[in-house]
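Structure provided below as structure tokens; questions to follow.
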Amino acid sequence: MNKVVEELGKIGIVPVIALDDAKDAEPLAKALIDGGLPCAEVTFRTAAAQESIKIMADKFPELIVGAGTVLTPEQADKAMEAGAKFIVSPGLNPKVVKHCMDKGYPIVPGTSNPSDVEVAIELGLDVVKFFPAEAAGGLNMIKSMAAPYTSMKFMPTGGINAGNLKSYLDFGKIVCCGGSWMVKKDMVAAGDFAGIEKLTREAVDTMLGFEVRHVGVNMESGEAAEELADTLQKMFSFEKKVGNSSVFAGTGFELMKKPGRGANGHIAIATNYIERAVYHLEKRGFEFEQESAVIKEGKLKAIYFKGEFGGFAMHLVQK
């Protein structure tokens, strides 16, 4: 998989935008970055597309800006010259695909049926767009198509929103999803970039789905841990479960049999997608203790942040 597409996979959501006026490109790019989505697919549906891509690429080199609705090699060249880092097309035009690949540019062409996927495989692609996603059969169609094409991955776009995003991303053959619900055209036209930033942040939070899984409390001994668990069970009917290194009271309290990480204990935060969560949290300036990573069957399951928070260590855990 191309490195740019891999990065989009870590981000998880690609905002798909159509700009009628290039003056909106800079504040919109800033809103997306500040909201937590440092990427954008600017569609070539408007005359302002090329200039908008150039402004975004020049002003925000950290933004992974791409060109969407690219229909011809000439449009692809214009997008590349403007600074686009990837190309997306609504359908699969072998001429456009070959042109981009010959120039070393990642292209994600649109597919909607097995025949399209087979053409993509013949062209040497391992990631394709699925468009229009909901209208073409949605997640069930992608799952059905993915079964015989074991090496192909998909980037669905069209009808994706906050309500169905997780159902798509939960399927392992989906790299990321394209969507426009956080960049509504009326908000762009009104200059409501603060509102777009808010919707972008909400989209990221919805995707990652952070929630407190449990609080670990450092106890002096196993006896003390069991005594507190007994008290919590009597008090709140939290079921006591004795483990090797700790005693759980319900699912919310882990009582350590001896002091562990953190002066007071630790806090476990569950997330829908732990690798994406690590990516986004690192972008927010937080660091992780790589040696603490728990990996099972090649996948990250848990990892601690560096430092303490209110006397507690903190770690992420995959839901």
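The values are calculated or read from the model by the stated rules, or taken from the named source; none is laboratory data. Treat the numbers as computed from the prediction; the structure is a model and nothing was measured. Here the Cβ is made from the backbone with ideal geometry for all residues, glycine too, and neighbour counts use every protein chain on show.
Here is a check on your reading of the model: is ILE121 surrounded by 16 or more Cβ atoms within 10 Å (Cβ to Cβ) and either aliphatic (A, V, I, L, M) or not assigned by TED's automatic domain parsing to the domain that holds GLU202 (or both)?
For ILE121, the condition - surrounded by 16 or more Cβ atoms within 10 Å (Cβ to Cβ) and either aliphatic (A, V, I, L, M) or not assigned by TED's automatic domain parsing to the domain that holds GLU202 (or both) - is not met.
Please tell me if SER292 is closer than 30 Å to CYS176 by Cβ, at pLDDT 95 or above and more than 21 Å from the chain's Cα centre (by Cα).
Numbers: closer than 30 Å to CYS176 by Cβ: yes; at pLDDT 95 or above: yes; more than 21 Å from the chain's Cα centre (by Cα): yes.
Yes.
Also, I was wondering about something else. Name every residue in the range 1-28 that is buried (at least 24 other Cβ atoms within 10 Å of the Cβ) and more than 18 Å from VAL128 (Cα to Cα), in order of residue number. Write out each step before concluding.
Restricting attention to the range 1-28, the residues satisfying the condition of being buried (at least 24 other Cβ atoms within 10 Å of the Cβ) are 8, 12-15, 17, 19, 25, 28.
Matches in the range 1-28: ILE17, LEU19, ALA25, LEU28.
Could I ask something else about it? Among the strands (runs of 3 or more DSSP E) contained in the range 9-78, which hold 1 or more residues that are within 14 Å of VAL188 (Cα to Cα)?
Ranges flagged: 13-17, 39-43.
Yes or no: GLY285 closer than 19 Å to HIS214 by Cβ and either surrounded by fewer than 16 Cβ atoms within 10 Å (Cβ to Cβ) or at pLDDT below 95 (or both)?
Spelling it out, it is not the case that GLY285 is closer than 19 Å to HIS214 by Cβ and either surrounded by fewer than 16 Cβ atoms within 10 Å (Cβ to Cβ) or at pLDDT below 95 (or both).
Could I ask something else about it? Write out, first by first residue and then by second, each pair whose Cβ atoms fall under 7 Å of each other, whose residues are 6+ apart or on separate chains, and whose first residue, in the range 140-162, is assigned by TED's automatic domain parsing to the domain that holds TRP181 while the second is polar (S, T, N, Q) and surrounded by fewer than 18 Cβ atoms within 10 Å (Cβ to Cβ).
Sorted first by the residue in the range 140-162, then by its partner, the pairs are ALA162/THR206.
Let me ask another. Out of ILE107, ILE160, report the one residue that is farther than 27 Å from ASP77 by Cα, at pLDDT 95 or above, buried (at least 21 other Cβ atoms within 10 Å of the Cβ) and aliphatic (A, V, I, L, M).
ILE160
Which of the residues belonging to the range 206-239 are part of a helix (DSSP H, G or I) and in contact (Cβ under 8 Å) with a residue 60 or more places away in the chain?
To start, the set of residues in the range 206-239 that are part of a helix (DSSP H, G or I) comprises 206-208, 222-236.
MET207, LEU208, listed by residue number.
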